[in-house]
Amino acid sequence: MNPDRERDLDAEIEAHLAIERDRNVERGMTPEEARYAAARKFGSVALAKESCREARGLAWLDRLGQDVRYAFRTFRRAPGFTAVAVLSLALGISATTAIFSAVNGLLLRPLPYRDPDRLVTIGVTNRKLQLGLDELPVTAPLLRYWRERATSCEAIAAFTPIAYNLTGAGDPVRIRGARVTANLFGLLGVKPQLGRGFRAEEDQPGRDGVVLISDLLWKRSFGANSAILGRKLLLDGVPFTVIGVMPPGFQYPGNGDGLTLFGPVERPDVWKPLALSTEEQQEHGNFTYQAIARLKPGVGVERARAEFGALAEQYVKGTFLDIQFGWELLVSRLDDKVASRFRTAVLVLFGAVALLLLIACANVANLLLARAARRSGEMAVRLALGAGRLRLMRQLLTESVLLSLAGGALGVMLASGILGVFPSLAPASTPRLEAVAMDVRVLAFALAVSVCTGLLFGLAPALEAFRPAWGAGSKHGGRRTRTRQALVVVEVALSLVLITGASLLIKSFVVLVQTPAGFRAENVVTMLLPLTAPAYRDFVKRVLFMRELIASVEAQPGVQAAGAIDMLPLTGENNISDISVEGAPRDDVSQVPIAEFRNITPEYFRAMGITVRAGRALGEHEGAPVAIVSRTAARRFWPGVPDPTGRRFKRGHEPETPYLTVVGIVDDVRSSGLDVVPRPQVYQPYTHNNNPEMSLAVRTSSDPSRLIAAIRAEIRRIDKDVPAMDVRVMREVVARSVSGRRFQMLLVAVFAALALALALVGIYGVISYSAAQRTHEIGLRMALGALPRDTLALVLKEGMALAAAGVAIGAGAAFAVTPVLRGFLYGVSAADAGVFAVSALVLLATAFVACYLPARRAAATDPLVALRYE
Amino acid sequence: MSDERLEFLQGTLDMLVLRTLLFGPLHGHAIATSIEQTSRDVLQVDHGSLYPALHRLERQKLIASGWGVSDNNRRAKFYRLTAEGRKRLNAESSKWAQFVEAVARIMRPAREED
């Protein structure tokens, strides 16, 4: 309100009254009479002023100011109510805002590339082969065929992941990255922040000794010094010239954006030209190159798919691909593909917080209704004094919107706190975590949610302003009570949906972590030892290194066994091939058995606690080609043969590949995830076949982390340039493999717990209010001989009836809703009767607690006091 | 007097205020008195509703205001007609004349029966 204008108005009206008084005196009235007559003639000064303000057109603003100030006064008078209301809302809004940040960052915000909607990935799949993979990258010859002929796209780029030991810059470290075609960065529309990108001529063997490094590596290892340009980096002992530094945050093809199909490339640090060798260009069976294309403007994904498909068909005629039927081409938009990875997970969380917010709203609406009942006297007086109903309604809505804005402000603060600790809570493998942050859109969302919730929960009490009950100054609020009861039923029902969902996820998680993994993770420490330096190019050197290392580690006190394998379980890496069983036909493509191949040292099974079920483990000196297979492999390759030791099979189907003789059978290992049914597994001695990247596994008699320093010292003693990477106790590896599920479960469980707490408060509020309203009735009943027990039952019955109604509705709603969780559940059905029953019981028990307190209070009523109670 | 008092038709007060200000600036009380006297006390101005009308007209820039001194030496707010107000008054006057004529034509038969 403008104070000047207000003073002006006062003076103007005062002058009018004075002039009228003067005239009245002139007419012969006494001053006293003159004043009364003037005042009578003028009518209500307050009303006139109000009308003047309204005529000035700023009335709504003035009134808003008044309403706001009035609201603040009422809040100050009811601090308890205000605190509970604001806190409930802050809980709901902070959770919603935090999850919306994820929705925004992961699903709504465009990928950080030029025209990301024109980027597509190209892959293949084969539904007939039991690959256990949804999509495979493509082969080099096919890629080349497309790049030469495709017209629907501006460019096609490709990459394949790599990892190097970086030496000569402090301690040796393992860095990951990709070999990329020279056009990749241009295709994405990303330029280095320093230096230049790859030139086309650098994309050939011999001229490819150049690398681009990540901003993070530049800062961490080279102090962000621009003198890095032109410097030589030793990668696996080979010098590469640094030609540029990529901008901060650029992570392609990182885990989130690049969608490599080879397992996670967490945080690429280095890029080098793809520079395919002549042999690589001929590999028809090597599905290793992830292709990404930029479509020409106006070209749809369908047209691109048709063209790529037609070209592929033309190309594969008479090749390996043609023989093995069932190949299909997959072309999809990059952003769709990135988003599809977490769309359901994020939307499920968003649904959960939306429920939580609704429950908070119901709760606050309930509080407001209870307060409205207490304020009905005030409202009746204000109506009688001439306040319009619309005006009162607006006043009430102002109050509720103010409450929700306060809740929203607190909620945003909480949410930014949550987002601050999010990265440390979320599993490290969560893709695109950096995209989850507050921005203008998130803040706008929080504001909109606050205002909408304010209107939503303010509506019920505000509508009461239109009920005649107020005008009559009625003390009775039957309708209001029914509204409140309905709100409690809704609240209980919504809570049950959340609790059921959370219980399903919890049970699923418990089932999952209790699933036998096939190995014993306790007291095992693992680390990756990449033997990729030129000195280890000869595979015998690698065998010698491992043999010496394992012997010296086993000699350490406290070590029970030490072994090595090329790919540890649950690390996302794999090596899969088709196999041929001796004497078995191989004509039906869909029946070709697939197996995971691993190379191990003799003591690996003992170190990891994998039980040998038949035959023997591998020895240090295996002369003949031998292998150990898993039980699933034994069952699948030799159905009906109780002990297939001595049987033979081979990797692939080439005639010149030697057969491997089975010497032992071991337990299945859940290598791809605790929730993934194991494929057939084959273990070969590392002395026959090995991989430069071996992981050491050491079983100790006590806490394995205490031995890490000693093991590192042994490694340094043998070769100071071999980095010990990813040092982890096996328990941690297992925990990491389920961390995504655990995170999701914890979030939903927290939301459900909050919902339960809100429901508890809601039920308590309604029941204690209704018991207080019935004090008179209760007093009468007791005076007429009712026992405290009867009163207790009376109040409990009312509350439990509401809870039961809520549980019945909620169970139905949960039954309808939980199928969306199906993709996240392991070993438990979305309609698991036990889970539904337990959830309902938890809620009923909570309701019982919430009702018991007011019931006991009512039962302790003194009839004399109660009868006098008004 | 009060028996013969006429209720103002919606908007009529605005027109009367403009008409009253045609001959020079006046303060609120004088406007009310002038309307009452000119109509020979048939029209009674509700003083309370006069000011909202004045403020409304001022917001529409049909009149302007300033502080001055009244006949009996009281500081009072004076209102004067603006050029726009004059234009509006002309328009309203002819509309009013048409309205009165139309009402009169409808009411005539009743009067003939008297």
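Could you tell me how many of the residues in region A:692-713 are surrounded by fewer than 20 Cβ atoms within 10 Å (Cβ to Cβ) and under 25 Å from A:Leu618 (Cα atoms)?
Going through region A:692-713 one residue at a time, the tally reaches 3.
Given (1) modelled with pLDDT under 85; (2) buried (at least 18 other Cβ atoms within 10 Å of the Cβ); (3) β-branched (Val, Ile, Thr); (4) more than 30 Å from A:Glu654 (Cα to Cα), identify the lone condition not met by A:Val381.
For A:Val381, the exception is condition (2).
Would you check which residues across region A:626-656 are in contact (Cβ under 8 Å) with a residue 24 or more places away in the chain and either more than 26 Å from A:Thr571 (Cβ to Cβ) or touching a Leu at 6+ places or on another chain (Cβ under 8 Å) (or both) and list them?
Within region A:626-656, A:Val626, A:Ala627, A:Ile628, A:Trp638, A:Asp643, A:Thr645, A:Arg647, A:Arg648, A:Phe649, A:Lys650, A:Arg651, A:His653 meet the criteria.
Return only the number of the condition from (1) touching a residue at least 12 places away in the same chain (Cβ under 8 Å); (2) charged (D, E, K, R); (3) under 30 Å from A:Ala200 (Cβ atoms) that A:Asp67 does not satisfy.
Checking A:Asp67 against (1) touching a residue at least 12 places away in the same chain (Cβ under 8 Å); (2) charged (D, E, K, R); (3) under 30 Å from A:Ala200 (Cβ atoms), the one that fails is (3).
To keep it simple, each residue is scored yes or no on (1) more than 17 Å from A:Pro593 (Cβ to Cβ); (2) among the small types (Gly, Ala, Ser).
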{"site": "A:Gly623", "(1), (2)": "yes, yes"}
{"site": "A:Arg647", "(1), (2)": "no, no"}
{"site": "A:Asp675", "(1), (2)": "yes, no"}
{"site": "A:Pro678", "(1), (2)": "no, no"}
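Would you call A:Gly609 surrounded by 13 or more Cβ atoms within 10 Å (Cβ to Cβ), within 40 Å of the chain's Cα centre (by Cα) and on the phi > 0 side of the Ramachandran plot?
In short, yes.
Can you pull out the residues in region B:22-33 that are surrounded by 13 or more Cβ atoms within 10 Å (Cβ to Cβ) and not hydrophobic (A, V, I, L, M, F, W, C)?
B:Pro25, B:His27, B:Gly28, B:His29, B:Thr33
How about region A:701-728: which of its residues are in a loop (DSSP other than H, G, I, E, B) and over 39 Å from the mean Cα position of the chain (by Cα)?
A:Asp719, A:Lys720
Mind checking which residues of region A:585-602 are out of contact with any helix residue (DSSP H, G or I) (no Cβ under 7 Å at 6 or more places or on another chain) and surrounded by 14 or more Cβ atoms within 10 Å (Cβ to Cβ)?
Result: A:Val589, A:Val592, A:Ile594, A:Glu596, A:Phe597, A:Arg598, A:Asn599, A:Ile600, A:Pro602.
Out of the residues in region A:3-18 that are over 18 Å from A:Glu54 (Cβ atoms) and either at the interface with chain B (Cβ under 8 Å from one of its Cβ atoms) or outside any helix (DSSP H, G or I) (or both), state the one that is nearest to the chain's Cα centre (by Cα).
It comes out as A:Ala11.
B:Arg105 - would you say it is surrounded by 13 or more Cβ atoms within 10 Å (Cβ to Cβ) and part of a helix (DSSP H, G or I)?
The answer is no for B:Arg105.
Inside region B:21-33, can you point out the residues that are of a type outside the set (Phe, Trp, Tyr) and either in a helix (DSSP H, G or I) or more than 13 Å from chain A (Cβ to nearest Cβ) (or both)?
B:Leu21, B:Leu22, B:Gly24, B:Pro25, B:Gly28, B:His29, B:Ala30, B:Ile31, B:Ala32, B:Thr33
Residue-wise test of (1) modelled with pLDDT of 80 or more; (2) more than 13 Å from the chain's Cα centre (by Cα); (3) acidic (Asp, Glu).
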{"residue": "B:Val45", "(1), (2), (3)": "no, no, no"}
{"residue": "B:Gly48", "(1), (2), (3)": "no, yes, no"}
{"residue": "B:Lys77", "(1), (2), (3)": "yes, yes, no"}
{"residue": "B:Lys87", "(1), (2), (3)": "yes, yes, no"}
{"residue": "B:Glu101", "(1), (2), (3)": "yes, yes, yes"}
{"residue": "B:Ala110", "(1), (2), (3)": "no, yes, no"}
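If I filter region B:34-48 down to residues being in a helix (DSSP H, G or I) and within 8 Å of chain A (Cβ to nearest Cβ), which single residue comes out as surrounded by the fewest Cβ atoms within 10 Å (Cβ to Cβ)?
Of everything passing the filter in region B:34-48, B:Gly48 is surrounded by the fewest Cβ atoms within 10 Å (Cβ to Cβ).
Name the helices (runs of 4 or more DSSP H) wholly inside region A:20-103 in which the number of residues that are away from chain B (no Cβ under 14 Å) and within 54 Å of the chain's Cα centre (by Cα) is 2 or more.
The helices (runs of 4 or more DSSP H) meeting that bar are A:59-77, A:79-103.
For A:Thr97, state whether it is of a type in the set (S, T, N, Q), out of contact with any Lys or Arg (no Cβ under 7 Å at 6 or more places or on another chain) and within 30 Å of A:Val761 (Cα to Cα).
yes
Yes/no per residue for (1) at pLDDT 90 or above; (2) closer than 22 Å to A:Glu620 by Cβ:
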site: A:Phe637; (1), (2): yes, no
site: A:Arg647; (1), (2): yes, no
site: A:Thr657; (1), (2): no, no
site: A:Leu660; (1), (2): yes, yes
site: A:Gly664; (1), (2): yes, yes
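Quickly run through region A:384-401 and pick out the residues that are among the aliphatic types (A, V, I, L, M) and crowded, with 21+ Cβ neighbours inside 10 Å.
A:Leu396, A:Val401
Given the conditions (1) closer than 30 Å to A:Ser739 by Cα; (2) surrounded by 15 or more Cβ atoms within 10 Å (Cβ to Cβ), and given that A:Val553 satisfies all but one, which numbered condition is not satisfied?
Unmet condition: (1).
Which residues, counting only those in region A:822-870, are touching a Gly at 6+ places or on another chain (Cβ under 6 Å) and modelled with pLDDT of 90 or more?
The one that is touching a Gly at 6+ places or on another chain (Cβ under 6 Å) and modelled with pLDDT of 90 or more: A:Cys851.
Is one or more of the residues making up region A:748-762 closer than 30 Å to A:Phe81 by Cβ and not hydrophobic (A, V, I, L, M, F, W, C)?
Checked region A:748-762: at least one residue is closer than 30 Å to A:Phe81 by Cβ and not hydrophobic (A, V, I, L, M, F, W, C).
Take residues that are of a type in the set (Phe, Trp, Tyr) and at pLDDT 85 or above and tell me which of the helices (runs of 4 or more DSSP H) falling wholly in region A:270-373 contain 2 or more.
Helices (runs of 4 or more DSSP H) meeting the threshold: none at all.
State whether one or more residues within region B:44-64 are of a type in the set (Gly, Ala, Ser) and more than 21 Å from A:Arg40 (Cβ to Cβ).
Yes, region B:44-64 has at least one match.
Within region B:64-88, which residues are away from chain A (no Cβ under 12 Å) and more than 16 Å from A:Arg5 (Cα to Cα)?
B:Arg80, B:Leu81, B:Thr82, B:Ala83, B:Glu84, B:Gly85, B:Arg86, B:Lys87, B:Arg88
The values are calculated or read from the model by the stated rules, or taken from the named source; none is laboratory data. In this text the structure is predicted, and so the values were computed from the model without any measurement. Positions of Cβ are backbone-derived with ideal geometry, glycine not excepted, and every protein chain shown enters the neighbour counts.
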